[in-house]
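Q: This is the structure I want to talk about, given as structure tokens.
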Amino acid sequence: MKFLCLASILVCLGAPATAQKRAEVQVLEARARRVEEGRIVVDGRVKIGDKPVKGLVIVFDFTSADGDPLTSQKVDVDDDVLVRGEETSFHATTMNPPGAIRYRLRAFDGAERELRIGNAGPFTIE
């Protein structure tokens, strides 16, 4: 009886982990820094998950110190089909939103479908 209870508890604990879907895009690195003329340069690398992605778009959501959203900027990373496990880099230059301290990332495909993203931030602007 104890074994049956223990086994059912373990199954219940393991269920949420298997039900959770894997990221379609994984952020490997992201870096933003302020440069002259009131601009921010954002660089990074992402890795594609199990499904191919056509027309990858990365959106940067800039936030204040309190986490309040300030503005969003997007960059088209690649118009081609990115296959499973492929890594690609992105580079964007945007205007420096006043009060922006951090940013988060979101990802979309060419059909504007939001993708699950791993390690989306928040990241600090240097």
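The numbers here are math on the coordinates, done by the rules we state, and not lab data. Since this is a predicted model, take the numbers as computed values, not measurements. Cβ sites come from the backbone with ideal geometry, for glycine too, and all protein chains shown count toward neighbours.
Q: For segment 94-106, just list the computed ³J(HN,Hα) in residue order, Karplus coefficients 6.51, -1.76 and 1.60, θ = phi - 60°, integers in Hz, with x standing in for Gly and Pro.
A: Taking θ as phi minus 60°, the curve returns 10, 5, 7, x, x, x, 6, 10, 10, 8, 10, 10, 10 Hz for segment 94-106.
Q: Let's test the formula: R0 of 22 Å, r as the Cβ-Cβ distance of residue 87 and residue 39. What FRET efficiency results, to the nearest 0.05?
A: On the way: r = 26 Å, r/R0 = 1.19.
For residue 87 and residue 39, the calculated efficiency is 0.25.
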